[in-house]
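Here's the structure, in structure tokens; my notes come after.
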Amino acid sequence: QVQLVESGGGLVQAGGSTRLSCAASGRTISSYAMGWFRQAPGKERDFVATIRYNGATTDYADSVKGRFTISRDNAKNTVWLQMNSLTPEDTAVYYCAAAKSWSRITTSSLYDYWGQGTQVTVSS
């Protein structure tokens, strides 16, 4: 019912910044919690950030807290992930996800829809 498409990935130097976008279609995401996850080579898919349906509150993984910011504009049906002070450890495929919940959700199994992912590579 909801299609999600990530964009904005690419090659970034350590210490640099980039912003990922997640464009939703099919249904409005105004009643969905949204999240970002990432998966590095040989590792599990890990929680990165989540935002309440109305954008009022957010949660972040400890590894990105203070560096990453999740935001949304329900009128544009879009979610972003601003990433600052990047390190090579941030290199991963980043996935956007939507959950049929008002609350912030950090568990991947509770998300209903997923994007295809976008690669972010941070060079040292």
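The values are calculated or read from the model by the stated rules, or taken from the named source; none is laboratory data. Values in this document were obtained by computation on a predicted structure and should not be read as measured data. Areas reflect the complete protein model, heavy atoms only, side chains present, ligands, DNA and RNA absent. Shrake-Rupley method; radii C 1.70, N 1.55, O 1.52, S 1.80 Å.
Net length available on complete extension from residue 45 to residue 17 is 7.9 nm, with 0.36 nm assigned per residue and the Cα-Cα distance removed. For a quick check, take a GNM of the chain with Cα springs below 10 Å and name the residue from 71, 101, 63 with the largest mean-square fluctuation. Checking each option, the largest mean-square fluctuation is seen for 63. Computed over region 19-124, relative contact order equals 33 percent, with contacts defined as Cα pairs under 8 Å that lie 6+ residues apart.
Taking 23 Å as the straight-line reach from the Cα of residue 76, the lysines in range (excluding those fewer than 8 positions away in the same chain) are 100. Surface listing: 102, 36 arranged by accessible area from highest to lowest gives 102, 36, probe 1.4 Å. The accessible surface of region 72-124, taken with every protein chain in place and a 1.4 Å probe, is 48 percent carbon and sulfur. The residues of the chain expose on average 49 square angstrom of accessible surface per residue, using a 1.4 Å probe on protein heavy atoms. Mind grabbing the base-10 log of I(q)/I(0) for the chain at q = 0.19 Å⁻¹? Debye formula, identical points on the C-alpha positions, no solvent, two decimal places. So the normalised log intensities work out to -0.96.
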